[in-house]
1. What's the total number of residues in segment 97-122 that are among the hydroxyl-bearing types (Ser, Thr, Tyr), surrounded by fewer than 19 Cβ atoms within 10 Å (Cβ to Cβ) and within 17 Å of the chain's Cα centre (by Cα)?
2. Name the one entry in Ile57, Ile77, Ile85, Ile67 that is free of Cβ contacts under 8 Å to residues at least 40 places away in the same chain and aliphatic (A, V, I, L, M).
3. Picking from Tyr60, Tyr98, Tyr104, Tyr28, which residue would you name as being touching a His at 6+ places or on another chain (Cβ under 6 Å), farther than 30 Å from Lys131 by Cβ and not small (Gly, Ala, Ser)?
4. Checking the structure you have, find out if any residue of segment 123-134 is among the small types (Gly, Ala, Ser), modelled with pLDDT under 95 and either assigned to a loop (DSSP other than H, G, I, E, B) or within 14 Å of Cys42 (Cβ to Cβ) (or both).
Amino acid sequence: MNDLQKIETFINEHHVLALATLANNTPYICSVFYAYEKHNRCFIFASDEKTQHIQNILTYPNIAANIHLETKTIGKIQGLQISGICEKLQEKELQKHYFKTFPYALALQPTLWKITPKQFKYTDNRLGFGKKIILDLETSD
């Protein structure tokens, strides 16, 4: 299994990420449910345009995010840091993917957003204490 496959396996084991945004030099963080689409290598989530994090994204689309396994066992610690760009989702196929993952959301007709990661930084202590895998997604495939 290559490094990207390890990271995507971890991503697919979870469904909530902490999303950090910035506006007027003020950070903001929230949690969102996501669907990961591996062929387009993106995260899809639903959120109202009136929320603080989306207002920030509309001004400054660069984001940071985190997914982690909550554990007190040092040898099991896993976490993924993400940096990327967030924008309103336009692709119909990706919309279908989100609603296949969260079918109950369709009734709400939410606005969908897409995070395109630029970098993954994955920590997995099961591979060795403090083991980190860093992938620059803009230059690798």
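The values are calculated or read from the model by the stated rules, or taken from the named source; none is laboratory data. Please read all numbers here as calculations on a predicted model, not as lab measurements. All Cβ positions, even for glycine, are placed from backbone atoms using ideal geometry, and neighbour counts span all protein chains on display.
1. 3
2. Ile85
3. Tyr28
4. Yes, that holds for at least one residue.
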